[in-house]
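Right, one structure below, let's go through it.
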Amino acid sequence: MLMIRRKIVFIALTVSVMFACGGRQKAENDIEVKIDGLLSNMTLQEKIGQMNQLTGLGLSADMIHNVKNGRVGSILNELDPKTINELQRIAVEESRLGIPLIFARDVIHGFKTIFPIPLGQAATWNPQIVENGARVAATEATAVGIRWTFAPMIDVTRDPRWGRIAESCGEDPYLTAVMGAAMIKGFQGNDLADPGSMAACAKHFAGYGASESGKDYNTTWIPELQLREVYLPSFEKAVEAGAATFMCSFNDINGVPSSGNAYLNKTILRDEWHFDGVLVSDWGSIEQMISHGVAADLKQAADLAANAAVDMDMMGFAYINHLEALVQEGNVSESAIDRAVRDILRLKFRLGLFDNPYVEIREEMPFYTAEALAKAKQAAVESAVLLKNKDGLLPLGEGIKSVAVVGPLSDAPGDQVGTWCFDAEFEHSVTPLTAIRDAYGENIGINAEQGLTYSRDKNELGIEKAVTAARKSDVVLFFAGEEAVLSGEARCRADIRLPGAQTEMLKALKKTGKPIVLVIMSGRPLAIGEETEDADAVLLAFHGGTMAGPALADLIFGKAVPSGKLPVTIPKMAGQIPVYYAHKNTGRPGRNVSLIDDIPVGAAQTSLGFTGYHLDAGNDPLFPFGYGLSYTDFDYSEVRLSQNALSTGQTLTVECTVTNTGKYDADEAVQLYIRDRVASLARPVRELKGFQKIYLKAGESQTVTFTLTEDDLAYWHADMVKRAERGEFQVWISTDSQSGTPATFVYN
Ligand code: GLC
C-alpha cells in the first residue's frame, strides 16, 4: 500500500512540475505574442524611445514631454513614489501605446538598511546571508517604486588599488559567481512580476576589474583565455541564475570598448549563453566611445553600440538623437532595433508592469525593520575577518574593566556604510562607540577619544588625547580604516596603506603598553603589515553597514565568533599587485628568499640564488585568499577520496572530517581546491571549486563532503574549447588557500 501511495505522490509531483514548467513556457510564449503585437504597431521613433534611459528630473516639462511622446523607456534615480506614479500614469494613459516605464536605481548593498559592502558580504562565504541582504534591499527599494537595480557587480578583480573592489566579490571567479547568483536570487525573488521584486543587473560586462594600474575606467589587455577563465564565469553563472539584465563596462578590452563589442555582447552573451534580457550601457558609455577614440562622433558611437546589441542607452543621448537616421541610411537594421525593443518589452512584461504599473503609496515604509536590521547585523558579524589574535586577547574577558574606544572610524556613521549608499540615512547607522556604550557602558568604563577626526586626518595633535584615554584603560579598541569616499567608482588609490596619521597614532598607542585591538573599516584590503605587527589583535571589518557597530561589539566582547574568510588577497604593499592565490607556479617559483635588509653589503650578484620574488616583500602576501581565524580552533583530517581515478561521466567524492578542538561554538568556511599538476597550459597552483560553511559546537566533528566531476577539472584550451585533460590532480579541503595536505587522483 505504501509503495502505491508513494508512486501516486511521485506521479502527482511530476505532473505538477510539468504543469509548472509548461505554465512558465506558456506564459513566456504569451509574452512573445504580446510583444509581436506591440512591435507591429510601433513607429521607429517609438521603438527608439524605448531604448533611451534618462536620469530622474522629477515632473519637469522635459521629462513629461519625453514620457508622453514615447521618447524614454526607463528612468533611473527617481525616488519619490508619487512622482514615479505620475510619470507612469502619463506613460500608460497619455502616450500613444501606453507602454509602462521601468524605474531603476543603484541598490548595491542595501537601500535604507545598509549591509556590508559586497566585498565584505563575500567574506561571509555564506550565500544565504547575501541573498537575505538582497531580498531586504528589494523589499525596501520596491516600496518607493524601484523595479530595477544595477547590481550585482560581479567583476573579478585582483587589484586593491581599484576603488570598485569595494563593490566586487573579490579575486576568485567561483566565489564571485556563487555570491552574484545569490544576490540575483535575493533581488528577483521567485517571481519577477511580484511588486516586491526587482530586476537584477549583472555588471559590468566585462573585464572591468582588470583596469590597468587599478585606475578606474582604464584600458584592459585580456587574452581571451584569461577572459574566459577569470572574468566571464561569474557572468555566465548570472545568466544561469536568471539575471534579468546586464550592463556594459566602461573599459575597452584590447582596444574594443564593451559598449561597442559585438563579440562580447552578441557572440558570447546572446549566441553562446542565450541571454534574452536587457543589456543596458553604463552611464554615457556609448557616448564615451568618442573619447576612447573608436567613434568620431555620437552618431558613429550609436552605430557601433546598436550593432553590438546594446539594447538601452543610459544617459548617452546617442540612440535618441541618431538611431533613426542610422536606420534610414541602412547602417543599423530595423531588425536590430526590433531585437533590442523586444528585449526591453520582454523585461517589462516579466516585471508585470503592463498589468500592474503603479507602486502602492504607503503611509508607512518597510524601512529599518527589526528583521532587516537583524539580518544586516548578522551579515556584518559574518563579514569580519580575524587576521590576528595574539595570546587570545579576543574576545575580551570578564576581567576587562575599561576600554579606550579610539580612531576615526569609531564613531563615523556615514563612513561605516561605505560606498554606493545614496539612500542611506546616516542617523540610522549604529557606530562601534554607540554600540559599545549601549551594550557595555553600565559594566565597564568607556574612554572615547577619536584622536583623528577622519581617516585622512594628518593633524597629530588629537592623538595625545587618545593616548591619554588608552592609559586610563585596560584595552585599546582602535577603529581605523578609510572614509567611504576613498573607495567606490573613480576612487582609486596608488598607495593602499592606512591614510592620514593612523599608523603614527597606532605607534603612539603602542607606547602605552596597553593591548590593542585594531579594527579596520575600509572599502578595500589595506597594506597593514606594520600595523599588524604593532597590534595584538586585528579584525578586518570592511565597511560593515548600518549595523557595523553592534556586530563589532558582539565580536569584540564574545557574543559572536568571527568566521569571515578573505575574498581577496591582502598584499604587504602595493608593489606586489597583482598578487593572488590562483597564480601559476612559473619556472622559478620564489623560494630561498633573501630579503633586502638581510643582504650582506657587497654581496655578489650571483650570491642570492635566482628565483621569483621581490627583495623588499618576499614571495607571500600579507594574508592569503580564504584566510580568517576564529576564537576556536579547527582540525582538518586528511582528505579521503571515494576512488583514486575519475573517468568521464563519473563523480569523485572528496571528504574530510573537521573538528572544533577549541572552546567556542563557531562557523567555519571549509574550502575545496584542486590543482591540475601537468596540462597543455600551465595551470594555477590552486583553484577554488567549492566551499561549505559549517557550524560546529566546541568538541564537535563533522564530515564535509564534496563531489568533483570532469566539469570541475575542465579549463579553456588554446583552441578555445573548455575541457578536462587527462592526468594527475591534487585536491585539498582546507581552511584557506595556502594550508592543508592534498590528496591525489587521476582523471583518465
Ligand atoms: C555608474 C556606474 C554603474 C552605475 C551607473 C548608474 O557610472 O559605473 O555601476 O550602475 O553609473 O548609476
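Which of the residues that make up the range 616-647 are hydrophobic (A, V, I, L, M, F, W, C), part of a loop (DSSP other than H, G, I, E, B) and under 28 Å from the mean Cα position of the chain (by Cα)? Give the steps one after another, and end with the answer.
Of all residues in the range 616-647, those hydrophobic (A, V, I, L, M, F, W, C) come to 617, 622-623, 625, 629, 634, 639, 641, 645-646.
Add one more test, that the residue is part of a loop (DSSP other than H, G, I, E, B), and what stays is 617, 622, 625, 639.
Within the range 616-647, 622, 625 meet the criteria.
Of the residues in the range 138-150, how many are outside any loop (DSSP other than H, G, I, E, B) and within 13 Å of the ligand (Cβ to nearest atom)?
The initial filter retains those residues of the range 138-150 that are outside any loop (DSSP other than H, G, I, E, B), namely 138-142, 148-149.
Then keep just the ones that are within 13 Å of the ligand (Cβ to nearest atom); that gives 148-149.
Of the residues in the range 138-150, 2 are outside any loop (DSSP other than H, G, I, E, B) and within 13 Å of the ligand (Cβ to nearest atom).
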Given (1) touching a Lys or Arg at 6+ places or on another chain (Cβ under 7 Å); (2) surrounded by 23 or more Cβ atoms within 10 Å (Cβ to Cβ), identify the lone condition not met by residue 202.
(1)
In the range 627-684, how many are touching a residue at least 60 places away in the same chain (Cβ under 8 Å) and acidic (Asp, Glu)?
5
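Which members of the range 69-88 meet the condition of being in contact with a helix residue (DSSP H, G or I) (Cβ under 7 Å, 6 or more places away or on another chain) and over 20 Å from residue 323 (Cα atoms)? Walk me through how you get there before you give the answer.
Of the range 69-88, the ones in contact with a helix residue (DSSP H, G or I) (Cβ under 7 Å, 6 or more places away or on another chain) are 70-73, 75, 78, 87.
Of everything in the range 69-88, those that are in contact with a helix residue (DSSP H, G or I) (Cβ under 7 Å, 6 or more places away or on another chain) and over 20 Å from residue 323 (Cα atoms) turn out to be 78, 87.
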Could you check how many residues of the range 199-230 are touching a helix residue (DSSP H, G or I) at 6+ places or on another chain (Cβ under 8 Å), within 22 Å of residue 573 (Cα to Cα) and either in a loop (DSSP other than H, G, I, E, B) or among the aromatic types (Phe, Trp, Tyr) (or both)?
2
Among (1) within 16 Å of the ligand (Cβ to nearest atom); (2) over 18 Å from residue 169 (Cβ atoms); (3) assigned to a loop (DSSP other than H, G, I, E, B), which single condition is residue 243 missing?
(2)
Filtered residue count, the range 151-187, keeping only those that are more than 16 Å from the ligand (Cβ to nearest atom) and touching a strand residue (DSSP E or B) at 6+ places or on another chain (Cβ under 9 Å):
6
Restricting the range 293-332 to residues that are surrounded by fewer than 20 Cβ atoms within 10 Å (Cβ to Cβ) and within 16 Å of the ligand (Cβ to nearest atom), which is nearest to residue 102 (Cα to Cα)?
315
Exclusive hit being out of contact with any strand residue (DSSP E or B) (no Cβ under 8 Å at 6 or more places or on another chain), among the polar types (S, T, N, Q) and within 14 Å of the ligand (Cβ to nearest atom), set 190, 218, 251
218
Looking at residue 210, is it within 13 Å of the ligand (Cβ to nearest atom) and free of Cβ contacts under 8 Å to residues at least 60 places away in the same chain?
no
Inside the range 514-530, can you point out the residues that are outside any loop (DSSP other than H, G, I, E, B) and over 16 Å from residue 394 (Cβ atoms)?
521, 529, 530
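Looking at 370, 376, which one is surrounded by 17 or more Cβ atoms within 10 Å (Cβ to Cβ) and either more than 18 Å from residue 135 (Cα to Cα) or under 29 Å from the mean Cα position of the chain (by Cα) (or both)?
On the way: 370 fails: surrounded by 17 or more Cβ atoms within 10 Å (Cβ to Cβ).
The match here is 376.
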For a quick check of your reading of the model, give me the residue pairs whose first member lies in the range 694-723 and is free of Cβ contacts under 8 Å to residues at least 24 places away in the same chain, whose second is surrounded by 13 or more Cβ atoms within 10 Å (Cβ to Cβ) and of a type in the set (Gly, Ala, Ser), with beta-carbon atoms closer than 7 Å and at least 6 apart or on different chains.
714/724; 723/714
Can you name the condition, by its number, that residue 47 falls short on among (1) surrounded by fewer than 24 Cβ atoms within 10 Å (Cβ to Cβ); (2) away from the ligand (no atom under 16 Å from the Cβ); (3) of a type in the set (D, E, K, R)?
(1)
Answer with yes or no whether residue 667 is part of a strand (DSSP E or B) and either closer than 20 Å to residue 591 by Cα or among the acidic types (Asp, Glu) (or both).
yes
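No lab work stands behind these numbers, since they all come straight from the coordinates. Here the structure is a predicted model, which is why all the values come from computation and not from measurement. All Cβ positions, glycine included, derive from the backbone under ideal geometry; neighbour counts span all protein chains shown.
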